[in-house]
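Presented below is the structure to which this report refers.
Read-outs: derived from the displayed coordinates by stated rules, not from any lab. As the structure is a computational prediction, the values presented were derived from the model and not from experiment. Here the Cβ positions follow ideal geometry from the backbone for every residue, glycine too, while neighbour counts run over all protein chains shown.
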Amino acid sequence: MSRANLVTVRIDLGGTTTRVGILDIEMKMLGNRTLPTRVAAGPEAVVGDMVESVLSLLNCPAGEGKTYVPLGIGIGSPGPINLRTGVLGLLANFPGWDGFPLWDALIEATGLPVILESDANAAAIAEWKLGAGKTTGLLSMAMLTIGTGVGSGLILNGEVWQGMFGMAGEVGHSTIIPEGLLCSCGSCGCLEMYASANGLIRLARAVAATHETEELRKLTGGKNEFTPLQAAQLAQAGDRSAQLAFDQLGTYLGIGIANLISTLDLPLIVVGGGVATAWPLFVDSMFTSVLDHSLVYRLMAPSQRLEIGHGHTFICQAVLGPSAGLLGGALLPHLHGLVEPTLLSHTAQEVAN
């Protein structure tokens, strides 16, 4: 069997979209699909969509009349997940999916080995091995993914930290305002209610209701649907009220990061996800908030440097973009021994492309 035809399959299950990709054993992307996640249709329907995309990618010719040979599937799913059993927990943005056996369902549907991981852990693996942490030699870091919700992945002493049942790293559901908004997880004041894409939309509506801002009011007025990108475009154009919403998001995000640093004393925090593309709009308030809320950060990093070094915590934007989840999932078969070790010779930019 030619090594050139061996591939791993990656599935990145998101609250809005699902990405499916196939990569060769050197982590070069060979093909991918992006499809809407039909949350309301139920988990069985979404698994069917995933499998259809996997089969369509595997059936694409690999050249010279040969076909791709899949070694296994790595899938990242929003949490909490019981990674020991492969059963989904109470997913805040997936109503009706509680208790679904995602791991068993994919094995049954594909007949392939399946490695299940939280989506944030998968993204953290990619940034650690191929992205922001690639050249640092660091053995510990955390990644926060700011998308529909807030996910987080932890790498501690060279290993993904999953906790007792695989539910570690639910920073998005840590409480930052005890009397705050009711989260769909059942708690109040969770970080993801304020520092996610949905959180930004809520913040923008609240700012528009209390500040004189014609443009933001037009965008958010009544039942108007709008996106974080539209709010970001307003802020980038100089709308101070839109900028205030991002300042508030940065403040809340900084509290979450400060709690991580104070608890784990990590050398590297990476922030990714869709909202992170607006990094310049919230980074100043985020750093101010981290300084205000973490004694450990103040002691070890009184000022943020432009590049990582020893002896201080470095906080930076992720570098792999939306490819991080796909790449992390594709690394799972490597890390779990389904694929023989590889030098992963491609640069992060080559892999991301």
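Here are the numbers for the structure shown:
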quantity	calculated
Qualifying aspartates and glutamates (Cα of each under 17 Å from Cα of residue 28; at least 8 residues distant if same chain)	12, 127, 340, 350
Degrees, to the nearest 10: 323-335 long Cα axis against longest axis of the chain	50 degrees
Ranking of 183, 60 by count of other Cβ atoms within 10 Å, fewest first	60, 183
Sorted by Cβ neighbour density within 10 Å, fewest at the top, the residues 315, 73, 177	177, 315, 73
Check: the range 132-317 dipole with +1 on Lys, Arg Cβ and -1 on Asp, Glu Cβ, in debye	140 debye
Antiparallel bridges, percent of DSSP beta bridges restricted to the range 132-317 (to nearest 5)	55 percent
Rounded, prolate or oblate (a/c below 1.5 giving rounded, otherwise prolate when a/b exceeds b/c) for the range 37-184 by Cα gyration tensor	oblate
Likely footprinting exposure, 117, 179, 170, 159, fewest C-beta neighbours within 10 Å first	179, 159, 170, 117
